[in-house]
Amino acid sequence: MKFVLEEDFHSVAVVGEIDSFKRHGSGHLYFELKDEEEGTGGRTKAKISAVMYRRHAPMLRFEPADGLKVLAEGEISVYPPQGKYQLVVRRMTPFGIGEQELRLRRLKEKLLKEGLFDEERKKPLPFLPKGVGVATSESGAAVRDIVSILRARNPKANVYLRPTLVQGASAPADIAAAVRELDAHPGVEVIIVGRGGGSYEDLMAFNEEAVARAVAEARKPVVSAVGHRIDTTICDLAADRAAATPTHAAQMVMPDVRELEAALASLSERLAGAAASRIARARSRLDALGRALRAAGPLQRLRTWQQRVDELAVRLNLAAGRRLQATRDMLDARGEKLKALSPLAVLERGYAIVRKEGAVVRDAASLEKGDEVEVSLARGGFTAAVESVNPAGRAGEGKNG
């Protein structure tokens, strides 16, 4: 087969869209050429692997990228151990605009005319949100990065995850639904929607009209976090803010509480130092004035100035004390609010967390008589055995087996 193909197809020309493009460190270019089936919204009809070796790559007069339609000229080569064939490209030129790229351009123009990307529509991010909604895959690296950054910067903030598909035909509708659900959640103040890196086709779910409209219509601010992207997605354009990566998105929506506390402490020190400096300058001026008055002889004027300076010192000390107390009260109030949101506060009121085999039990129907469960209290915990289960009624009225 290798002999037949390479002899009969030693010079071929193929028109197709570039997909999965990679520039290897060796200088070789690896990609696929695909042909989309008309009227299917971008479904791939045929695909062939291709390579352009580094001796031919410098002759390119354009930058290859996913979605570009090209005319590739070269020869068919067969890899015998796997029985696979590929196109070895010697020359490649742009061939109009790829169908997928053309569809995206038309959609961008349509939404741009409607004003979905206007800066006037962009909503500001809340300063210190108590709840952050996250719409992404529950199994990807993106959700781990987002949650770890949010917890590190503000351990008492609530994170509401709405797992969603991030690629495939069903992903756009699921992403749009996730944004709307988080927007309606009373505890969510800002929303992060996105995924980690991927190929051009992997990110296409975030270039759909349904996603753009859901993001633009949200009442709460939305941060697009389509990670490690090469091109700006439509979701990025419709969102209130666009982050380069999921990690950047988490840093964008949540300031570091430790940095805020350090800044407040620094401000308090500067305020106290400024008050002390002002008092010192006033006393120094008084001393100079006193020397001048003593030289002139009017002792009564000196006493009057001394009294005024003493009163000024008292007022400055009182003002500085009130300002410092107000700062402490503000920090205490925010600390109490954050504390009230902690799950430990719920345990302090007499509630408990029940786990079975390490998973939190939310439904009594998931238990059976004889199951062993771990019960966590505000202080300590214990292990218990289930004697009866009541999925719908009060304790003690359940099933026994």
* Structure fact -> Longest principal axis of the chain (C-alpha) makes with the long axis of helix 141-153 (C-alpha) an angle, in degrees to the nearest 10, of 0 degrees
* Could you compute the FRET efficiency for E209 and F127, with r as their C-beta to C-beta distance and R0 at 45 Å, rounded to 0.05? => 0.90
* Asked: Which order results if T136, T233, T245 are arranged by neighbouring Cβ count within 10 Å, fewest first?
  -> T245, T233, T136
* Asked: Put a dot 7 Å past each Cα toward the Cβ at A272 and S199; how far apart are the dots in nm?
  -> 6.2 nm
* Excluding residues fewer than 8 places away in the same chain, name every one of the aspartates and glutamates whose C-alpha is closer than 19 Å to that of K123. => E114, E181, D183, E189, E217, D236, D240
* By how many degrees, between 0 and 90 and to the nearest 10, does the Cα long axis of helix 257-296 differ from the longest principal axis of the chain? -> 30 degrees
* Asked: What relative contact order, as a whole-number percentage, does region 257-332 give when Cα pairs under 8 Å and 6 or more residues apart are counted?
  -> 41 percent
* Asked: Ranking I191, I48, I76 by Cβ neighbours within 10 Å, fewest first, what do you get?
  -> I48, I76, I191
* **Principal-axis tilt of helix 171-184 within the chain, Cα atoms, nearest 10 degrees** => 20 degrees
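Which FRET efficiency value, to the nearest 0.05, is calculated for E336 and E63 with the Förster distance at 56 angstrom and r the Cβ-Cβ distance?
With a Förster radius of 56 Å, E is 0.50.
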* Structure fact -> FRET efficiency for H24 and A184 from the Cβ-Cβ distance with R0 = 45 Å, rounded to 0.05, comes out at 0.45
* Asked: Between A326 and S139, 0.36 nm times their residue separation minus their Cα-Cα distance comes to what?
  -> 62.8 nm
* Of K69/K110; K22/K108; K110/K220; K122/K220, those spanning more than 18 Å from alpha-carbon to alpha-carbon -> K69/K110; K22/K108; K110/K220
* To do: Compute the label zone of L377 within region 345-366: residues whose backbone N is under 16 Å from the point 7 Å along Cα-to-Cβ.
  => 345-355
* Structure fact -> What helix-only [θ] at 222 nm does the chain give? Using -39500 (n - 2.57) per DSSP H run of at least 4, over all residues, to the nearest 500, the answer is -13000 deg cm²/dmol
* Antiparallel DSSP beta bridges within the chain, as percent of all bridges there, nearest 5 -> 70 percent
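Suppose the chain between I48 and Y160 were pulled fully straight at 0.36 nm per residue; how much longer would it get relative to their current alpha carbon spacing?
36.1 nm
Please arrange D332, D256 by how many other C-beta atoms lie within 10 Å of their C-beta, fewest to most.
On the way: D332 10, D256 14.
Neighbour counts put them in this order, fewest first: D332, D256.
Determine the relative contact order of region 103-253: mean sequence separation of Cα pairs under 8 Å and six or more apart, normalised by residue count, in whole percent. List each step's numbers first, then the result.
Values: 305 pairs, mean separation 41.0, N = 151.
Here the relative contact order equals 27 percent.
Rule-based calculations on the coordinates, nothing more; no lab input. In this text the structure is predicted, and so the values were computed from the model without any measurement. No Cβ is skipped: glycine too gets one built from the backbone with ideal geometry, and neighbour counts run over all protein chains shown.
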